[in-house]
Every structure is written in structure tokens, then in C-alpha cells.
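Right, I'll just put the structure down here and ask away after.
The values are calculated or read from the model by the stated rules, or taken from the named source; none is laboratory data. Predicted model only: the values in this text are computed from it and were never measured. Neighbour counts run over all protein chains shown; Cβ positions are idealised from the backbone, glycine included.
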Amino acid sequence: MLAQRISRLTSSLVRDILAAASQPDVISFAGGLPAEDALFVPDAAGLAPERLRAALQYGPSEGELRLRELVAQQLNSLGLSCGPQQVLILNGSQQGIDLMAKLLIEPGRRVLVEAPAYLAALQAFRLFGAELDGWSRVEGISAEAKMKEGLQADTCMTYLTPTFQNPSGACYSAAERRGMAAVLDAHPGIVFEDDPYRDLAYDGPAPAPLVSHLRAARWVYQGSFSKILAPGLRLGFLVAHPELFPHLLRLKQAADLHSNRLSQLLVTQVLEDGLLAGHLARILPDYRARRDVMAASLDRHLGGLASWTLPAGGLFFWVKLAQPLDSQSLMQRMLRDERVAIMPGSAFFAQPADAAYLRLNFSHASPERIAEGLARLGRVLRSQRTAS
Ligand SMILES: Cc1ncc(COP(=O)(O)O)c(C=O)c1O
């Protein structure tokens with residue numbers, strides 16, 4: 001009775017781990033959750049009653065015009081030339097992934113993804129039957145050459161998170177973005193850039209979006225208010241090449257008519273009043289400090305057991321274990337015996353990985369709990385080394 005694609009729906013590891021991680025005694029490095037006190041609490045009481053009332057009626061599928069204008073303005077300031085008529089407001093940027101999968105994927109179509117890549121994107125692409133090809137940067141070879149190697153003649157979409165990637169934390173340089181864009185420009189496939197972490201930059205601003213370097217390829221770029229304001233608002237946006245926009249708009253209409261208008265009203269107000277910059281100025285030093293505590297704790301407790309690089313932004317450390325352990329068993333043991341939730345790296349690969357990895361989030365746990373959780377992880381890894 002069920003559609004064939006339902007058999008491709010993998011059980012969500014994230015949901016299971018996050019459920020366990022929300023227990024108060026668990027130190028969680030598992031999710032991508034903002035810190036509780038970094039959540040922006042909008043002034044709903046300050047909204048004019050007539051604006052509030054208007055927001056309770058059905059609205060346009062594209063989203064509120066003023067919000068689309070503000071998003072377009074922001075993207076133009078990043079070097080991504082676009083108009084508000086290309087902006088579609090989403091119910092969280094996860095919806096953009098679903099809409100893109102519906103737009104492009106049929107069973108057997110090839111999609112090029114990073115290795116590793118955001119696991120909920122892999123799940124969505126698999127649901128629609130995509131054949132996933134993995135692409136990654138390799139030391140000593142240009143990103144451009146690797147991209148050329150990864151693209152097949154029939155790749156229908158390339159999905160990239162070039163800025164503070166989830167899970168790797170990687171941020172491609174401007175030169176790499178230009179080189180990759182040149183290769184993508186010579187290919188008929190569509191480029192999909194996912195950019196929810198751009199504003200969480202701790203060591204200086206990120207380079208302009210990769211799609212801003214495209215001259216010929218058709219593209220979709222998306223961002224989110226989840227990580228910088230609050231995920232419960234469920235608000236994101238995409239901006240699409242004019243040829244793709246009308247199709248995405250119809251898909252959005254079919255999915256949910258439009259995004260939540262109260263959230264749109266609140267976020268419009270935040271942007272219009274210029275409150276986002278102040279909020280970021282408040283939360284970034286705290287996130288930077290947590291990142292630095294995690295870096296120091298990794299040095300202290302995992303030195304010799306694993307390797308990692310300091311992420312210049314985003315929410316994660318990507319840790320490569322020196323031992324060839326099964327990261328899912330390690331995750332289970334850490335949760336059961338140590339009450340520490342970690343995310344196994346294997347979930348983020350379309351094909352089996354070359355080694356064991358862990359993704360560790362640093363934005364949610366307090367600095368003290370970060371240090372304690374990593375001490376426990378170090379102890380377990382050392383005991384496993386002695387055991388093997
Ligand atoms: C790369 C990436 N894309 C999209 C999303 C979805 O975010 P949201 O739907 O909250 O905007 C996430 C969330 O963690 C993410 O890491």
C-alpha cells in the first residue's frame with residue numbers, strides 16, 4: 001500500500017540521539033542546537049495589534065514582501081546579486097532541501113554531495129531515490145580538480161555547504177569557490193548552496209557565497225534564521241535562479257501554502273529594527289569561548305587519540321579517531337555508560353568513510369560540561385586502545 005520510496009526512509013539516528021540527549025543528566029555534543037540563552041526572544045507584545053491581526057490570515061506562498069526585500073538586501077551586500085522576486089520564505093531551511101529534492105530527483109538520478117555532508121539532506125535525497133556520489137577536498141589537489149572528478153555527465157544537482165560546514169566545520173576559500181564555480185559553470189547540473197552557519201563566524205567574515213561566482217549554471221542558495229535567532233521560529237529562505245523560482249514556488253504552495261506568518265512578522269521586525277547585529281554581537285563571543293574550551297579540552301583529553309582542526313565558524317568540531325573504531329558503537333557506549341551524547345561520523349557519509357569520525361557540537365553544553373564530557377570521552381577512548 002505504501003509508496004515504494006517509504007522503504008528508503010532510514011530511521012532517524014538524529015531523532016533517537018536527540019531524544020536521549022535531552023535528558024538533563026546527559027552532556028550533549030550531539031545536536032546542532034543553539035545555547036538556551038542565545039535564543040532570541042522576540043518582543044511579541046510590542047507588535048501593533050493591526051499587524052498581528054493581519055498576520056493571522058492566510059498569506060502569500062512566496063512569503064511576506066517586506067521580509068523578502070530585507071533578505072534580498074542582505075544577500076546583495078554579500079555579493080549575491082538577486083531581487084526580492086527571487087526570494088522564497090521557507091518553514092526552516094530543511095524545507096528547501098525537501099523542495100529541491102522534489103524538484104530534481106527521480107529514482108536513479110545522480111546527486112553530488114560532500115563527503116561528509118549534512119545527514120538530513122542525505123536522507124531527503126535518498127527518499128526520492130537519488131544515487132549519491134561523494135566529493136571531498138584532498139590535501140595537495142585543488143578543489144577545482146576534485147570537483148571535475150566528482151561530477152558525472154548526468155549529475156542533476158550538486159549540493160554544497162561551503163561555509164562552516166555541518167559536520168566538518170570546513171570553510172572553502174574565495175579562490176576555491178571561484179575554481180569550483182568555474183567547473184560547475186561548465187556542467188548542466190544545478191548547484192544548491194546551503195548556508196545556515198555564515199553569520200556564526202568567530203575569526204572574521206566568511207568569503208562570498210559560492211553561487212555568487214557562477215556565470216552560467218542555474219543555482220539555488222538558502223539560509224536560515226534557526227542558528228542566529230531561534231530554530232523554533234521555523235524560518236529560512238531560499239533564493240533561486242529565475243528559471244527555477246516558479247517551480248519551487250508551486251512546490252511550496254503544494255506543501256504548506258505558506259510559512260508561518262507570525263514568525264515572518266517577528267523576524268521582519270527584528271531585521272527592520274536592526275536588532276540582529278546586536279544579538280550576534282552578544283552571542284558570538286560566548287560561542288567563540290565555548291569553541292575554545294572544546295579545543296583546549298580536546299588537546300588535553302584526546303591528544304594522540306584523534307585529530308581535528310579548529311573550526312573558524314559554525315557549531316561543530318569534526319574529530320577523526322586514530323583507531324578504526326565503530327563510531328556508532330562508541331556513541332552507544334558513551335551514552336549508556338558515560339551519559340555523554342556524541343554524533344557518530346558514519347551517519348554523514350553517502351559511502352563508507354575512510355576512518356572513524358565524531359561530530360561534536362560546542363554551542364549547547366556549558367563550558368564546564370564540555371570539559372567534563374571530553375574527559376569522559378578521552379577515558380573511554382584510552383580504555384578501548386588498551387583493550388584492543
Ligand atoms: C546544513 C544544514 N542545512 C539545513 C539545516 C536545517 O535547518 P533549519 O530547517 O532549522 O533552517 C541544518 C540544521 O542543522 C543544517 O545543518
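Which residue out of L67, L80 is buried (at least 17 other Cβ atoms within 10 Å of the Cβ) and touching a Pro at 6+ places or on another chain (Cβ under 6 Å)? Before you say what the answer is, go through the steps one by one.
Working: L67 fails: touching a Pro at 6+ places or on another chain (Cβ under 6 Å).
On inspection, the qualifying residue turns out to be L80.
Taking A365 as the residue in question, decide whether it is under 30 Å from R110 (Cβ atoms), modelled with pLDDT under 95 and either buried (at least 23 other Cβ atoms within 10 Å of the Cβ) or touching a Phe, Trp or Tyr at 6+ places or on another chain (Cβ under 9 Å) (or both).
On the way: under 30 Å from R110 (Cβ atoms): no; modelled with pLDDT under 95: yes; either buried (at least 23 other Cβ atoms within 10 Å of the Cβ) or touching a Phe, Trp or Tyr at 6+ places or on another chain (Cβ under 9 Å) (or both): yes.
Criteria not met by A365.
If we keep just the residues of the range 98-142 that are among the polar types (S, T, N, Q) and more than 14 Å from A353 (Cα to Cα), which is modelled with the highest pLDDT?
From the range 98-142, those among the polar types (S, T, N, Q) are 123, 136, 142; that's our starting set.
Remaining after also requiring more than 14 Å from A353 (Cα to Cα): 123, 142.
Details: Q123: 94, S142: 90.
Only one residue fits best here, namely Q123.
Now for a different question. All but one of (1) farther than 20 Å from G59 by Cβ; (2) buried (at least 22 other Cβ atoms within 10 Å of the Cβ) hold for G274; state the number of the condition that does not hold.
(2)
Now a separate question. Taking the options A124, A117, A101, name whichever one is in a loop (DSSP other than H, G, I, E, B), of a type in the set (G, A, S) and surrounded by 18 or more Cβ atoms within 10 Å (Cβ to Cβ).
Working: A124 fails: in a loop (DSSP other than H, G, I, E, B); A101 fails: in a loop (DSSP other than H, G, I, E, B).
Selected residue: A117, the only one of A124, A117, A101 that is in a loop (DSSP other than H, G, I, E, B), of a type in the set (G, A, S) and surrounded by 18 or more Cβ atoms within 10 Å (Cβ to Cβ).
Are there any helices (runs of 4 or more DSSP H) wholly within the range 254-351 with 3 or more residues that are aliphatic (A, V, I, L, M) and out of contact with any Phe, Trp or Tyr (no Cβ under 7 Å at 6 or more places or on another chain), and if so which? It would help to see each step written out before you state the result.
Values: elements: 261-272, 275-302, 327-333.
Those helices (runs of 4 or more DSSP H) span 261-272, 275-302.
Please count how many residues of the range 352-374 are farther than 14 Å from V26 by Cα and assigned to a helix (DSSP H, G or I).
1
Given (1) closer than 24 Å to L67 by Cβ; (2) among the small types (G, A, S); (3) free of Cβ contacts under 8 Å to residues at least 40 places away in the same chain, where does A240 come up short, assuming only one miss?
Unmet for A240, out of (1) closer than 24 Å to L67 by Cβ; (2) among the small types (G, A, S); (3) free of Cβ contacts under 8 Å to residues at least 40 places away in the same chain: (3).
If you check L88 against the conditions, is it within 16 Å of the ligand (Cβ to nearest atom), in contact (Cβ under 8 Å) with a residue 60 or more places away in the chain and assigned by TED's automatic domain parsing to the domain that holds P167? Steps first, please.
Working: within 16 Å of the ligand (Cβ to nearest atom): yes; in contact (Cβ under 8 Å) with a residue 60 or more places away in the chain: yes; assigned by TED's automatic domain parsing to the domain that holds P167: yes.
Here the answer is yes, as L88 does meet what is asked.
Is one or more of the residues making up the range 116-128 within 16 Å of the ligand (Cβ to nearest atom), basic (K, R) and over 19 Å from L200 (Cβ atoms)?
Keep residues of the range 116-128 that are within 16 Å of the ligand (Cβ to nearest atom), which gives 116-127.
This time we only want the ones that are basic (K, R), so: 126.
Pick out the ones that are also over 19 Å from L200 (Cβ atoms) and you get 126.
Yes, some residue in the range 116-128 is within 16 Å of the ligand (Cβ to nearest atom), basic (K, R) and over 19 Å from L200 (Cβ atoms).
How do the pairs read when you match residues in the range 213-236 that are basic (K, R) with residues anywhere that are part of a strand (DSSP E or B) and more than 8 Å from the ligand (Cβ to nearest atom), using Cβ under 8 Å and keeping only pairs 6 or more apart or on different chains?
Partner pairs satisfying both residue conditions: R218/I190; R218/V191.
A further question on this structure: If I ask for residues that are touching an Asp or Glu at 6+ places or on another chain (Cβ under 9 Å) and closer than 23 Å to G223 by Cβ, which ones from the range 131-155 would you list? Can you show your working first?
Just the residues of the range 131-155 that are touching an Asp or Glu at 6+ places or on another chain (Cβ under 9 Å), to begin with: 134-137, 141-144, 150-152, 155.
Once the filter is applied, which keeps residues that are touching an Asp or Glu at 6+ places or on another chain (Cβ under 9 Å) and closer than 23 Å to G223 by Cβ, the range 131-155 yields W135, R137, A143.
Looking at the structure I just gave you, is A55 surrounded by 14 or more Cβ atoms within 10 Å (Cβ to Cβ), touching a residue at least 60 places away in the same chain (Cβ under 8 Å), within 16 Å of the ligand (Cβ to nearest atom) and not hydroxyl-bearing (S, T, Y)?
On the way: surrounded by 14 or more Cβ atoms within 10 Å (Cβ to Cβ): yes; touching a residue at least 60 places away in the same chain (Cβ under 8 Å): yes; within 16 Å of the ligand (Cβ to nearest atom): no; not hydroxyl-bearing (S, T, Y): yes.
Spelling it out, it is not the case that A55 is surrounded by 14 or more Cβ atoms within 10 Å (Cβ to Cβ), touching a residue at least 60 places away in the same chain (Cβ under 8 Å), within 16 Å of the ligand (Cβ to nearest atom) and not hydroxyl-bearing (S, T, Y).
Condition first: touching a His at 6+ places or on another chain (Cβ under 7 Å) and more than 28 Å from L358 (Cβ to Cβ). Now tell me which residues in the range 156-178 satisfy that. Spell out the reasoning first.
As a first pass, look at the range 156-178 and keep what is touching a His at 6+ places or on another chain (Cβ under 7 Å): 177-178.
Residue satisfying the conditions is R178 alone.
Among P34, P49, which is outside the structural domain of A174 (by TED's automatic domain parsing) and under 30 Å from Q332 (Cα atoms)? It would help to see each step written out before you state the result.
Working: P49 fails: under 30 Å from Q332 (Cα atoms).
Answer to the check: P34.
Exactly one of these conditions fails for N166: (1) more than 28 Å from L9 (Cα to Cα); (2) assigned to a loop (DSSP other than H, G, I, E, B); (3) within 16 Å of the ligand (Cβ to nearest atom). Give me its number.
Among (1) more than 28 Å from L9 (Cα to Cα); (2) assigned to a loop (DSSP other than H, G, I, E, B); (3) within 16 Å of the ligand (Cβ to nearest atom), the lone unmet condition for N166 is (1).
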